[in-house]
Amino acid sequence: MLFDTHMHADYSCDAEMTIQEAMEAAKKSGLGMILTEHWDRYYPTNPEAFLFDINEYLNKNAKYRSDSVLLGIEMGFQPSAIEEDRLVAKSHPFDEIVGSMHCYRGLDMYEPATYEGVTKDQAVGYYLEDSIKCLDRKPNFDTYGHIDYICRYWPYEDKNLHYQEHADLWDEVFRRLIGQDRSLEINTRRLRVPGAVETLTELYMRYQELGGKYVTLGSDAHVTKAIGANFDLAVKMARDCGLQIVYYKRRQRHLCEEK
Ligand SMILES: [Zn+2]
Ligand SMILES: [Zn+2]
C-alpha cells in the first residue's frame, strides 16, 4: 500500500479538514496516511501559530491509529530550534517526523517581503546554506520535506529549481541526509507545474547517485481533495530515479509495496 506521508488537519491552523475527513479521503483513494501537524518553533511572523498541544493531539487521535492511519508531525527547521525540538521528537510516540525548511535566515519563505531585493540565485543559496546549518545540528527526524517549498512562494519568473545552479550546495544537503540515514520526500503538490517533474528528477537522480535510496510521497494536503494528488507522477519519478518508496511507522522505515 502506498502512504501519503504528509498532511495537515485539526492541529494545523492553516488546514481545512478534520482527521475523520482525511481518513475517509485516503481510504477512498486506497492510500495509507500519516498525519503530520505543523510544529514550527520560533516562527518569525507568528511565533505561536504553528505550535500545539502534542500530548492532546496524540491522545485524542489514538483511537484512529491503525496499520493505515498513522500519527506524525512536521517539524520546521531553524538552527535556533533544533536542540529543543530534538527533545520533543524523543519524548513522544510519533510514527514519522517530517523535517522541513519553511524559513531561511529567520525569514518566512511564505512572505513576499522575504524576496525583496533578493535575486533567485541568492534566495536559493540562502535557503540551501541554512538547510546545511540545520542538518549539521543533527535534527531528529525521518524524512526531509518538500525541497521545493521555496518555489511555491517566490516571485521569480522561473518557477523551478535547477540542480546545476547550486550543485555544490545540493550535494552538501544530500550527503548529510544520506549520512544521517534520512529519507527524502517527493512532495507532490507542485508536480503539475510546467518543468517541475523534469527539474526535480535531476535533483532526485543526484540524491540517488550520491547513495540515497529512499523517498516518501507527501501531498502536504490541507484539504481532502489534495490527498494523494499527483501520486502517479511521483511513483514514476521514484522509479525513474531508482529510489524506493517508503513510509514510517513508530519511527521505523517500511517499504511501500504497491498493490
Ligand atoms: Zn511544510
Ligand atoms: Zn506540511
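Tabulated data
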| item | result |
| --- | --- |
| Ellipticity estimate at 222 nm from DSSP helix runs (n ≥ 4, -39,500 (n - 2.57)) divided over the chain, nearest 500 | -10000 deg cm²/dmol |
| Estimated FRET transfer efficiency when R0 is 25 angstrom, pair Lys159-Arg105 (beta carbons, to 0.05) | 0.70 |
| Rough spin-label spacing in nm, given labels placed 7 Å along Cα→Cβ, for Asp232 and Ala62 | 4.2 |
| Principal semi-axes in Å for the chain [√(5λ), Cα gyration tensor, largest first] | 26, 21, 18 |
| Percent of Cα-Cα distances greater than 21 Å, calculated over the range 18-127 | 47 |
| For Ile245, residues with placed amide H under 5 Å, excluding near neighbours | Val215, Cys256 |
| Residue-by-residue Karplus 3J(HN,Hα) for the range 16-23, coefficients 6.51, -1.76, 1.60, Hz, glycine and proline x | 10, 9, 9, 4, 4, 5, 5, 4 |
| Inter-part distance where the range 12-75 and the range 180-259 are each reduced to a Cα centre, Å | 19 |
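None of the figures in this text is laboratory data; all of them are computed from the coordinates on show. Source: prediction; values computed, not measured. Please note: Cβ atoms are built from the backbone with ideal geometry, for glycine as well, and neighbour counts cover all protein chains shown.
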